[in-house]
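To start, the structure under review is shown below, and the notes come after it.
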């Protein structure tokens, strides 16, 4: 990201807690596009959130969740729309946002789709959950069936509750207009000034300041057959999602987070440690200490990343040596050749020719 999020960072909520984790670029891109369609200025959204267009080109790229929160705050302010998160969820088609949505729609029934959502949902957005808990749980209470969102500290970012329940309710109504689903909704946050928009959009009673975030549902919803489920597509998409989950797990190291921050901008020449620390929401001394605890230096991470990406580009045989030099951040091809020989003992042109 181009700008550090400082003490007025919208990614820091009023309670003072930073939102941790990451969000897929596809998830952030959906919010960005929706806000622009509602009249927000693209440049202002980028400036206020720190999310640049190139950060969103690969839908599987990860964006810090704190930047997504900042983007949501910027979108609401620039559009003059306090109910923007509600309308964002209502307008969503999950298949257009994330591979997770494609997997869910390739499942045979809504109940099976919910299982896949719990399995892969953090590819769309990582959230804090109680130990051993799934994101969405079915609970029987007083003879009624409730779909609950179990994430911890939901009131740190109530817009996520708004958009999530809007997507569940409105997407079901749009694709399955004759199928009963929501009967009532409970949310843990206090009634906002735009509280009337909830019932107007969801068309069910809404209780604010409740003990949980939950939708009382008709049990038949779980058995709704989905349109054109595909076992082949399901397998292909699941394989892709499994690889993404493995990458996400690897990125939990500080080194992995640094590499993820550097990849989209490596072609511009590696930024200094202070700039990268700001992108990650930490101070330079903190990043230095964290990398040292993992037994690596910032310079070594950049060097190894350039080495790995250079081999990737050259082995792909789709770009020239000079183009590869540029892509991994060398403005001088001869400097790249010297670095490549240090990495491999050979010249890049010999690898390209081979």
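Every number in this text was worked out from the coordinates using simple rules, so none of it is lab data. Predicted model, so just to flag it, every value in this text is computed and none were measured. Here Cβ is always computed from backbone atoms with ideal geometry, including for glycine, and neighbour counts include all displayed protein chains.
Of note:
- With Cα atoms, 0 to 90° folded angle of helix 25-37 axis to the chain main axis: 70 degrees
- Ranked by how many other beta carbons lie within 10 Å on average, peptides 335-345, 174-184 from highest: 335-345, 174-184
- Inter-site label distance for residue 173 and residue 196 at 7 Å from Cα along Cβ, in nm: 1.7 nm
- Top of 24, 98, 334 by mean-square fluctuation, Gaussian network on the chain, Cα under 10 Å: 334
- Stokes-Einstein D (µm²/s) once Rh is taken as the Kirkwood radius of the chain over alpha-carbon pairs, at 4 °C in 1.567 mPa s: 58 µm²/s
- Length-normalised contact order of the chain in % [C-alpha pairs under 8 Å, at least 6 apart]: 15 percent
- Rounded tilt (10° steps) of 110-120 against the dominant C-alpha axis of the chain: 30 degrees
- Max mean-square fluctuation residue, GNM over the chain, Cα-Cα springs under 10 Å, options 145, 102, 56: 145
- Pairwise centroid distance, computed over Cα atoms, of segment 294-345 with segment 190-229, Å: 51 Å
- From its DSSP helices (H runs of at least four residues, each -39,500 (n - 2.57)), the chain gives a residue-normalised ellipticity at 222 nm of -15000 deg cm²/dmol.
- Gyration tensor (alpha-carbon) shape descriptor, segment 73-197, a/c threshold 1.5: rounded
- Length added when fully stretched, residue 246-residue 284, from 0.36 nm per residue minus Cα-Cα: 10.9 nm
- As a length-normalised measure over Cα pairs under 8 Å and 6 or more apart, the relative contact order of segment 253-353 settles at 27 percent.
- Linear extension gain, residue 220 paired with residue 346, 0.36 nm per residue minus alpha-carbon span: 38.9 nm
- Seen against the Cα atoms of the chain and their longest principal axis, helix 231-250 is set at about 60 degrees.
- Linear extension gain, residue 307 paired with residue 129, 0.36 nm per residue minus alpha-carbon span: 60.4 nm
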